[in-house]
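These notes are about the structure you will find just below.
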Amino acid sequence: MSHYRGLQGEPVMFRGHNGDQGEAYYARPIGSGKYPGVVVIHHLPGWDEWIIEVVRKFAHHGYAAISPHLYFREGSDSPDDIGARVRAAGGVADAQIMGDVAGAMAYLRAQHNANGKVGAIGFCSGGRHCYLAACTLSGIDAAVDCWGGNVIVDNPKDLNDKRPVAPIDLTEKLSCPLLGIFGNDDVNPTADQVNRTEAVLKRLGKNYEFHRYNGAGHAFFNTSRDAYRPEQALDGWKKVFAFFERRLAASATPIAAE
Amino acid sequence: MCSYIVEKTALVGSAKGRKGWMRIDTANVYFDHPYHSTLDHVLAIDFTNEGEGGRDRVAIELSADSARALVERILAALASGELAHGKPAPASANAPVVVM
């Protein structure tokens, strides 16, 4: 595994949904090489310190990574205050988030250091958004869903104007390889829901791999919480980087040709 | 998983935030992942003034057990306080300010 200890990270402006201009955090290795891109989709609490650390982690591993601030339209207050307002308003519409993710992908591909491949990874609600993006956006070469809940929606009352469709119902349109990382003690998604998601992927002949971890629940990569499980998280990160290395290297084979 | 479940209640009161004291008219209450606490889930309350745009807040994050204990102590304080001072008339955010 190559490490890129010289890296540059900084806030940048990108064009998101409807052409709206907002802030993102962008980090990449310093050097003249061509690097695969990764869009990092943050969780509901917001664009916090941990997600910025994740972006830099990808740069350390040789990726040009970007995390769009999905709540940038709410202003420039601290991310936690903005996250609280977004939560009180019932969250952000899926359509807007998909537009922002597409904009972040376009930003990566427009950089001189891009190798042309772009993956996406999301955590928690961002995992759900990543699943949704992999099923609805074109141009994603690999997607990683880390414990995204509500991919399966058992109660139709949980669907609304902002989240009108359960991502599982769009699985037929999944257009890239999917990696799933889950803790068996999680309550959303439950182990049963993960199994049901896998059954749909299998039935539809999709290219996927799921990894489930005992002794771990939700958000077990998150080093700032009691949920952190170092052994499982280290193995999970290995799975993520191995997956992206296979799928996003310049020589990676497009899925349609496999 | 982060949920979007928020219990919202109107209230009459004040809270001290980063800019000093402010009137508050709303509490958003939820049990979900924290921003600051290391716990997996917390009972969080955001006190805001939606009448003034809701941009400032006073936020707390509590463990589930301590939140339940706090609810009990709030009710106990109200019971003993109202016994000592009498039960006040319902407060209104629009009540006129009386200058003594």
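Put a plus charge on the Cβ of each Lys and Arg, a minus charge on the Cβ of each Asp and Glu, and nothing anywhere else: the dipole of the stretch B:7-85 about its Cα centre is then about 340 debye. Cross-link check: pairs A:LYS57/A:LYS157; A:LYS239/B:LYS8; A:LYS157/A:LYS206; A:LYS117/A:LYS173 evaluated at a Cα-Cα cut-off of 31 Å; pairs beyond the cut-off: A:LYS57/A:LYS157; A:LYS239/B:LYS8. Listed by chain and number, the aspartates and glutamates placed with their C-alpha closer than 18 angstrom to that of A:LYS202 are A:ASP145, A:ASP169, A:GLU172, A:ASP192, A:GLU258; residues fewer than eight positions away on the same chain are left out.
Look at the Cα gyration tensor of chain A: its axes a ≥ b ≥ c give a/c under 1.5, and that counts as rounded. Farthest towards the positive end of the charge dipole of chain B, among the residues B:SER3, B:HIS36, B:LEU75, is the Cα of B:LEU75, using unit charges on the Cβ of Lys, Arg, Asp and Glu.
Remark: the stretch B:48-54, residue by residue, has Karplus-estimated 3J(HN,Hα) of 9, 10, 5, x, 10, x, x Hz, where x stands for each Gly or Pro and the curve is 6.51 cos²θ - 1.76 cosθ + 1.60 at θ = phi - 60°.
Working note: 222 nm ellipticity from helices only, DSSP H runs with n ≥ 4, each -39,500 (n - 2.57), summed and divided by the residues of chain A, gives -10500 deg cm²/dmol to the nearest 500. Taking a straight Cα-Cα cut-off under 19 Å and skipping sequence neighbours fewer than 8 places away in the same chain, the aspartates and glutamates within cross-link reach of A:LYS162 are A:ASP20, A:GLU74, A:ASP94, A:ASP100, A:ASP154, B:GLU7.
Just to confirm my numbers, what's the Cα centroid distance between the stretch A:1-51 and the stretch A:69-145 in Å? Using only Cα atoms to place each centre, the spacing works out to 11 Å. Taken along the Cα-to-beta-carbon direction at a fixed 7 Å, the label points for B:ILE74 and A:LYS238 span 4.8 nm. Between B:THR26, B:ALA64, B:ASN49, the Cα set farthest toward the positive side of the dipole of the stretch B:7-85 (charges on each charged residue's Cβ, about the Cα centre) is that of B:ASN49.
Each residue of the stretch A:70-87 was assigned a 3J(HN,Hα) from its phi angle through the Karplus curve 6.51 cos²θ - 1.76 cosθ + 1.60 (θ = phi - 60°); the sequence is 6, 10, 4, 5, 7, x, 10, 5, 4, x, 6, 5, 5, x, 5, 5, 5, 4 Hz, with glycine and proline shown as x.
3J(HN,Hα) couplings calculated from phi for the stretch A:88-96 with the Karplus curve 6.51 cos²θ - 1.76 cosθ + 1.60 (θ = phi - 60°) are, in sequence order, 4, 8, x, x, 10, 4, 3, 4, 5 Hz; Gly and Pro show x.
Computed from the Kirkwood radius of its Cα pairs, the Stokes-Einstein diffusion coefficient for the stretch B:7-85 at 10 °C and 1.306 mPa s stands at 115 µm²/s.
Since every read-out is calculated from the coordinates, none of them should be taken as a lab result. Only a predicted model underlies this, so the values are computations on that prediction, with no experimental measurement involved. Because the Cβ atoms are built from the backbone with ideal geometry, glycine has one as well, and the counts that use them run over all protein chains shown.
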